[in-house]
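What follows is a set of notes on a single structure, which appears directly below.
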Amino acid sequence: MVPVSAWTTGQAPRVGLGRRVPEHDPWRFDAARQVASGEADAALWIASLPTDRPEWLGQVPSIALVGEADPDAAEVVIAVGVPGRDIGGVLWNETRGALTYWPAQTGGSAPADLPSAASVLGRLNERLAARSGTAC
């Protein structure tokens, strides 16, 4: 996440884009702090790569897009493909010290029919736009 954030915004994580320009503010955009203070009404947690679930996730209504689909991860859990395993994706390549494309693994028991997190977000945005008349 750190390389992608720096590459696309010039800033480290906890960047807001609500004002149409990247704003780096680690305190303001800290999800745990926002949930604890009541600033967050709901959460959309995206973890296509396996990672631990944040402790604050269960404190607000939540949707999780996860590569390792744990039914207890959130109130609504959507399984998505893991980049470099189930679907192609750009990941950190330790050997090259750069972001590189990793194709989906062929063969084996990896399911090939899982959507990417990006495609699920696109479909959610389309549905919300159709209901409200404006895109998110």
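The values are calculated or read from the model by the stated rules, or taken from the named source; none is laboratory data. Remember, predicted model here, so these are calculated numbers, not experimental data. As a convention, Cβ positions derive from the backbone with ideal geometry for all residues, glycine included, and neighbour counts pool all protein chains shown. These accessible areas exclude ligands, DNA and RNA; they are computed on the full protein's heavy atoms, side chains included. Shrake-Rupley method; radii C 1.70, N 1.55, O 1.52, S 1.80 Å.
Consider residue 37 against the criteria (1) over 30 Å from residue 86 (Cα atoms); (2) modelled with pLDDT under 95: it satisfies all of them except one. Which criterion is unmet?
Of the numbered conditions (1) over 30 Å from residue 86 (Cα atoms); (2) modelled with pLDDT under 95, the odd one out for residue 37 is (2).
Output the residue which, of all residues in the stretch 37-48 that are in contact with a Leu (Cβ under 8 Å, 6 or more places away or on another chain) and either in a loop (DSSP other than H, G, I, E, B) or open to solvent by 50 Å² or more (accessible area, probe 1.4 Å) (or both), is farthest from residue 104 (Cα to Cα).
44
In the stretch 13-36, what residues are outside any loop (DSSP other than H, G, I, E, B), over 21 Å from residue 58 (Cα atoms) and out of contact with any Asp or Glu (no Cβ under 7 Å at 6 or more places or on another chain)?
Those that are outside any loop (DSSP other than H, G, I, E, B), over 21 Å from residue 58 (Cα atoms) and out of contact with any Asp or Glu (no Cβ under 7 Å at 6 or more places or on another chain): 23, 24.
Residues of the stretch 49-61 being of a type in the set (A, V, I, L, M, F, W, C), closer than 25 Å to residue 114 by Cα and in a loop (DSSP other than H, G, I, E, B), which ones?
Scanning the stretch 49-61 gives a single hit, 49.
Kindly indicate whether residue 64 is modelled with pLDDT under 90, among the aliphatic types (A, V, I, L, M) and not in a helix (DSSP H, G or I).
So residue 64 fails the test.
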